[in-house]
Amino acid sequence: MSATQLEWIGYIASGVLALSFIITNVWYFRWVNLIGASLFAVYGLLIKSMPVFYLNGLIAGIDVFFIFQMMNKVDYFHYLTSTYRDNEFLRYFLRYYSRDISYHFPRFDLDECPPDQKFTFVVRNAVSVGLFAYHIEGDCAVIDLDYTIPAYRDLKNTRYLIRDALADEFAQHSIKRLCTYTTVPQHIRYIKRLGFTEDKDRSHAFHLELPMA
């Protein structure tokens, strides 16, 4: 292997490691950090630098340990429903994350929330990690907000809401589908992973048949 090729391995490993430190989601951070550390360990072997190999091998081992812990961790979920008028923490939560909410849900306008607007918090291990709101149109629950704070962005929160927390409420109102409209690429990828499909007759409109698979 040429010196130039070795340098590129080092550059790529450095770039991946640097990228990992700007990821706020702990799960993704560990995986990206593991890839970067593993590449650096291989780089250390190729250039015959044992300190580089041992240090990054240790980092990779630590990442594997924490990934294994997270995969086997039992999460405890709960939910709390309140109105915009009656919950001071809810109003604070919406304002605190207003910029991130505006990016992922540009159609959601905090100033237009009626006092009796209902919101459901997802509580995970005693941490308020997400907020959900919807309104009913026929047999469809149209999602106004399905926001999750950056450190907890996996599929577990919304799956818990749909399958468990709000399942009876949806059944009471004869709701057969969840519907949403979004043009945000990151959000589109997320809802497709949940099982949403795009409407054939409306661009950027998506739906999920209930009960959720």
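The values are calculated or read from the model by the stated rules, or taken from the named source; none is laboratory data. Because the structure is predicted, anything quoted here is derived from the model rather than measured. For neighbour counting, all protein chains shown are included, and Cβ atoms are generated from backbone atoms with ideal geometry for every residue, glycine included.
Conditions tested, residue by residue: (1) free of Cβ contacts under 8 Å to residues at least 24 places away in the same chain; (2) assigned by TED's automatic domain parsing to the domain that holds PRO115; (3) out of contact with any helix residue (DSSP H, G or I) (no Cβ under 6 Å at 6 or more places or on another chain).
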{"position": "ALA37", "(1), (2), (3)": "no, no, no"}
{"position": "ALA41", "(1), (2), (3)": "yes, no, no"}
{"position": "GLY44", "(1), (2), (3)": "yes, no, no"}
{"position": "MET50", "(1), (2), (3)": "yes, no, yes"}
{"position": "GLY57", "(1), (2), (3)": "yes, no, no"}
{"position": "ALA60", "(1), (2), (3)": "no, no, no"}
{"position": "PHE65", "(1), (2), (3)": "yes, no, yes"}
{"position": "TYR84", "(1), (2), (3)": "no, yes, yes"}
{"position": "TYR92", "(1), (2), (3)": "yes, yes, yes"}
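Looking at the stretch 19-38, which of the residues that are farther than 16 Å from LEU55 by Cα and of a type in the set (A, V, I, L, M) is modelled with the highest pLDDT? For the stretch 19-38, the residue satisfying everything is VAL32. Contact map, the stretch 99-111: residues that are in the same structural domain as ILE188 (by TED's automatic domain parsing) and over 13 Å from PHE132 (Cβ atoms) paired with residues that are hydroxyl-bearing (Ser, Thr, Tyr) and in a helix (DSSP H, G or I), Cβ distance under 8 Å, separation 6+ or inter-chain. Pairs shown: LEU110/SER98.
How about the stretch 51-80: which of its residues are surrounded by 14 or more Cβ atoms within 10 Å (Cβ to Cβ) and among the aromatic types (Phe, Trp, Tyr)? Selection gives PHE53, PHE66, PHE77, TYR79.
Checked against the criteria, THR197 does not count as closer than 26 Å to ASP111 by Cβ and not hydrophobic (A, V, I, L, M, F, W, C).
If only residues of the stretch 57-110 that are among the acidic types (Asp, Glu) and in a loop (DSSP other than H, G, I, E, B) are counted, the one that is modelled with the lowest pLDDT is ASP109. Looking only at residues in the stretch 9-52 that are outside any helix (DSSP H, G or I) and not β-branched (Val, Ile, Thr), the one that is farthest from PHE66 (Cα to Cα) is LYS48.
Each residue in the stretch 178-199 was checked for being within 17 Å of the chain's Cα centre (by Cα) and of a type in the set (Phe, Trp, Tyr), and 2 of them qualify.
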